[in-house]
1. With axes computed from alpha carbons, what is the tilt in degrees of helix 135-151 against the longest principal axis of the chain, rounded to the nearest 10 within 0 to 90?
2. Averaged per residue, what accessible area in Å² does the chain show with a 1.4 Å probe, protein chains only?
3. Give the percent of DSSP beta bridges with both residues in segment 36-177 that are antiparallel, rounded to the nearest 5.
4. 5 Å is the cut-off here: which amide hydrogens, built 1.01 Å from N in the peptide plane, fall below it relative to Ala227, excluding neighbours closer than 5 in sequence?
5. If the reach is capped at under 27 angstrom between alpha carbons, list the lysines near Lys113, excluding any in the same chain fewer than eight residues apart.
6. Whole-Hz Karplus ³J(HN,Hα) for segment 54-61, in order, using 6.51 cos²θ - 1.76 cosθ + 1.60 and θ = phi - 60°, x for Gly and Pro?
7. Express as a percent, rounded to the nearest 5, the fraction of DSSP beta bridges in the chain (both residues included) that run antiparallel.
8. Would you work out what percent of the accessible area of the chain, with all protein chains in place, is carbon or sulfur (probe 1.4 Å)?
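The values are calculated or read from the model by the stated rules, or taken from the named source; none is laboratory data. The shown structure was predicted, so the numbers you read here are calculated from the model rather than taken from an experiment. Positions of Cβ are generated from backbone atoms using ideal geometry, with glycine treated the same way; all protein chains shown enter the neighbour counts. The area values use the complete protein model at the heavy-atom level, side chains included, leaving out ligands, DNA and RNA. Shrake-Rupley method; radii C 1.70, N 1.55, O 1.52, S 1.80 Å.
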Amino acid sequence: MPNTTNSTDRTDHTTTDTDDFTVTPYAVSGNVDYEKLLERFGADPLTDAYIERLPDHPAIRRRTFYAGRDVDRYLEAAEAGDPHALVTGRGPSGPMHLGHVLPLYLAKRFQEKTGATVYVPLSDDEKFLAKEESFDSIGEHTRENLRDVLAVGFDPARTRIVVDTADADVIYPIAVRLAKHLTPATVEAVYGEQDTVGLQFYPAVQATHLLLPQLVAGRQPTLVPIAVDQDPHVRVCRDVAAREALPVEKPGALLGRFLPSLEGPGKMSSSSEAASIELTDDSETVAETIRTYAYTGGRATLEAHREKGGDPSIDVPFQYLRFFFEDDDAELERIAREYRSGNLLSGELKEIATDRIADFLIEHQRRRDSLGSLADELEPYRLSESERRQALESAGVPTSLRP
Ligand code: TRP
């Protein structure tokens, strides 16, 4: 295929008339065809060979993360013991729920296995622009979300957390530099029409997030594990990075499917009214939420279920176990078999999922509750003055007026 730019990525419109689904950072609708999406976005399927080389995690092994960009570059560096980084951010639009921490725990696993540097940017500016909420209210979500990010337990020596409005001294000038090459036409082609100039500018901010590890610590493969709706940001960043004379290489990506919403297939989103499991839910609440709302692959009556069996492939409690909460392949297979045979009932499968999720949340909450003041806990994860200076210098931004 001929390349029209020096990048091999396609940056055409993410919605087309021929397919009946839409996936952009600001809109996910229709029945997402994950394979077609790869063609549309121009990303590569995650091969078995990659899966074997990546750190072992159920979300990798079972292809929750099913595609990528430049994964080989990242693996080469990780295997050679050379510097390599991950960027996985959070848009603080509300309380975090299960789907939101998955990439964070995955990043932690990668960090433990190969010493990856991890950057976690929080885009409070983006959510202020995208939601009908005051800065106060977004600020409250940001503080609460930060406690959840801290509870994951990243290694502070290798992890940086940035908040767009709080770290604007470094993020804004770099975003400005990148924005010079971002035309309204590109933004519209990649994201669809935006309501405000604020949201039109934001892709330059997220592109900054993805380059920050390299601007701070030098050129290195950077992998961005994200749900596939965020891939447009990666494509824009790769495009801009290729055009700018910056000491960086294009960031790669690990693209994930959406964790199904409790009530059935589709995206789990804190912005919708849909029922969801929040990270602060206690075990009772988790049990009640799953019992009441979880979509199952069971049969209408007990007799029919015993006779014909259930369908794990559409059963949300089973899918939660598969995506994240049952690490043991043999045990997962046993549960699937029992369910298909009709021996295991939907209610019993719900209980298994509830127990695993509740156990996970108890541990997460234990770490969250043991945190001290947010400012104190955040301090070791913030960019140091010399790291800020380095990032700005790498991006060719004057630092002579800094304190
Ligand atoms: N835009 C993301 C969201 O809405 C959050 C985010 C900001 C992010 N910076 C990032 C995600 C960098 C991955 C990498 O959820």
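1. With rounding to tens, the tilt is 70 degrees.
2. Dividing the accessible area of the chain by its residue count gives 44 Å².
3. On the way: 2 of 11 bridges.
Around 20 percent of the beta bridges assigned by DSSP in segment 36-177 are antiparallel ones.
4. Counting only residues 5 or more places away or on other chains, the set is Gly256.
5. Lys250
6. Result, ordered by residue: 6, x, 6, 7, x, 5, 8, 4 Hz.
7. Numbers: 13 of 29 bridges.
Counting DSSP beta bridges with both partners in the chain, the antiparallel share is about 45 percent.
8. That fraction is 49 percent.
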